[in-house]
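J.: Sharing a structure, written as structure tokens. Questions coming.
Bear in mind these aren't lab numbers, they're just calculated from the coordinates by the rules spelled out. Keep in mind that what you see is a predicted model, and the values were worked out from it rather than measured. Because the Cβ atoms are built from the backbone with ideal geometry, glycine has one as well, and the counts that use them run over all protein chains shown.
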Amino acid sequence: MSLEHHEAFNRMYLKDKMTLGFLTPFEAKSKTKALPKMENTVELARKIEDFGFAAIWLRDVTMQDLESDDHGQLYDLWIYLTYLAARTNHIALGTSSVVLPLRHPVRVAKEATSIDRLFPNRLIMGVASGDRKKDFEALGVEREGRGDVFKQNFDFLDRLLKEDHPTIHSELGVIDGNGMKLMPTPFTTIPTMVTGSSQQSLEWIAEHGDGWIQYPRSIQEQASIIKDYRELADKKQPGVFKPFTQTLYIDLSENPDESPTEIPLGYRLGRNHLLELLYKFQEIGVNHLVFVPYFAKRSMEEMVQEIAEEILPQFPTHNL
């Protein structure tokens, strides 16, 4: 199976073009380290879909770290993704990202294929090695060895999702291709995107992922990374399009002409400068950009509407 029939993938990703999405929770981080309220996530998700954005993304976070104000989202990744999928119609739902060292690959495969069958062609599955210390401590997993565990779990998961009758002998478990089979099977190929380095080499990422999700960098640095990634991906699998996705933290000013000032992993800026920045990201090869509102001062409703009306028409979700 290939990704040519996956509707969400093809609505989000096209060579030399870029689409836009948002990361939950749709609210700024609390200065008091309070958990996200997530009171209007469904309403905002519907607005984001109705406006025509390409995707909504959800993080995989287990424990609240009382020493940090970054709690990700409140609910379990798969449960809340299902909740949002049932209350929206067609927008892509991405995981950014399933922490593979903390989840058994057979369970991940079961969860992903269930989503894919219940809500066909909507799941974009980012996977990662994870970095939140408290999650590893709580689950009794050695964090220092997460790169090796990630690769082992990724290979197991990849075979379960992409082979009809895999026979797998692993310390994680045994799959007898003659006597058992994962159920349900995927509706179609589920795009699996490596996030960050996941403790792997760029060569490995370029060969094994269906795409790559990265963190924000300067235009120059990101351009260099994308160039190296494209060259390696084409060398490993000539002619196969492997899209590049990145996040961008934004605090959208009410003044459309406000010049950019740096915030963690992004900028505070007006929409006219944001538009210029997005054109630059598209030019260097970013295929999908995810807005992160954790440092925003304005209401999410206002920001979504302004971006939808003034910026989204330049980066539309692709028609099938």
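J.: Can you return the aspartates and glutamates within cross-link range of Lys133? Criterion is Cα-Cα under 12 Å, with same-chain partners fewer than 8 residues away left out.
T.: Asp65, Glu67, Glu142, Glu144
J.: Give or take rounding to whole Å, what are the principal axis extents of the alpha carbon atoms in segment 172-249, in descending order?
T.: 52, 31, 25
J.: Could you line up Met183, Met63, Met300, Met18 from fewest to most neighbouring Cβ atoms inside 10 Å?
T.: In increasing order of surrounding Cβ atoms, one gets Met183, Met63, Met300, Met18.
J.: When only alpha-carbon atoms are used, what values of Rg and Dmax, in angstrom, describe segment 1-112?
T.: In order Rg, Dmax, the Cα atoms of segment 1-112 give 15.2, 48 Å.
J.: Expressed as a rounded percentage, what relative contact order does segment 3-314 have, with Cα pairs under 8 Å and six or more residues apart?
T.: 21
J.: I would also like to ask the following. For a quick check of your reading of the filter: which GluC sites (Glu not before Pro) in segment 95-190 sit in a DSSP loop and have no more than 12 other Cβ atoms within 10 Å?
T.: On the way: sites: Glu111, Glu137, Glu142, Glu144, Glu163, Glu171; in loops: Glu142, Glu163, Glu171.
Hits after loop and neighbour filter: Glu142, Glu171.
J.: Using packing as a proxy for protection, rank 35-47, 124-136 so that the peptide with the highest average count of other Cβ atoms within 10 Å comes first.
T.: 124-136, 35-47
J.: Let me know the whole percent of all Cα-Cα pairs from the chain that are separated by more than 30 Å.
T.: In whole percent, the share of Cα-Cα pairs in the chain beyond 30 Å is 31.
J.: Checking the table Lys151/Lys181; Lys15/Lys236; Lys29/Lys297 against a 20 Å threshold on Cα-Cα, which pairs fail?
T.: Check vs 20 Å cut-off fails for Lys151/Lys181.
J.: Reported to two decimal places, what Rg/Rh ratio describes segment 65-216 when computed on Cα atoms with Rh from the Kirkwood expression?
T.: 0.96
J.: Which of the peptides 83-95, 64-76 is most tightly packed, and how do the rest follow, judged by the mean count of other Cβ atoms within 10 Å per residue?
T.: Averaged packing, sorted descending, gives the order 83-95, 64-76.
J.: Semi-axes of the equivalent ellipsoid for segment 56-137, please: Cα gyration tensor eigenvalues, times 5, square-rooted, ordered largest first, whole Å. Kindly include the intermediate steps, with their values, before the conclusion.
T.: Working: eigenvalues 106, 43, 18 Å².
Over the Cα atoms of segment 56-137, the ellipsoid semi-axes are 23, 15, 9 Å.
J.: How big is segment 224-320 in terms of Cα radius of gyration and Dmax, in angstroms?
T.: Taking only Cα atoms of segment 224-320, I get Rg and Dmax of 15.3, 46 Å.
J.: Name the residues whose placed amide hydrogens come within less than 5 Å of the amide hydrogen of Leu20, ignoring near sequence neighbours (fewer than 5 apart) on the same chain.
T.: Residues meeting the criterion, in which the H sits 1.01 Å from N, are Ala54, Leu289.
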